[in-house]
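Chemist: The structure follows.
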Amino acid sequence: MQPISLLTPTRRWGEVVWPAVTGQPWHGQDFAWLAVFALIFGALALWGYRRDEGQRFS
């Protein structure tokens with residue numbers, strides 16, 4: 001289950017927040033993964049929005 005959890009945004013948020021609690025240094029890789037997830041979900045939202053607007057007002 002752990003290898004699968006590494007591919008989820010929830011796990012990456014946990015990896016960003018956990019060092020703040022424990023006082024350990026942050027890893028840039030976790031921020032990079034969150035940026036990738038933001039781009040992916042943003043692109044999906046844009047695609048869905050354009051698709052919906054095209055169907056309603058065409």
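The values are calculated or read from the model by the stated rules, or taken from the named source; none is laboratory data. All of these numbers come straight from a predicted model, not from anything done at the bench. Virtual Cβ from ideal backbone geometry, glycine too; neighbours counted across all protein chains shown. These area figures cover heavy atoms from the full protein model, side chains too; ligands, DNA and RNA do not enter into them. Shrake-Rupley method; radii C 1.70, N 1.55, O 1.52, S 1.80 Å.
Chemist: Out of Leu46, Leu39, Leu6, Leu34, report the one residue that is touching a residue at least 24 places away in the same chain (Cβ under 8 Å) and not charged (D, E, K, R).
Modeler: On the way: Leu46 fails: touching a residue at least 24 places away in the same chain (Cβ under 8 Å); Leu39 fails: touching a residue at least 24 places away in the same chain (Cβ under 8 Å); Leu6 fails: touching a residue at least 24 places away in the same chain (Cβ under 8 Å).
Matching residue, one of Leu46, Leu39, Leu6, Leu34: Leu34.
Chemist: Every residue in the range 26-58 that is open to solvent by less than 100 Å² (accessible area, probe 1.4 Å) and more than 26 Å from Met1 (Cβ to Cβ), please.
Modeler: Gly42, Ala43, Ala45, Leu46, Gly48, Asp52, Glu53, Gly54
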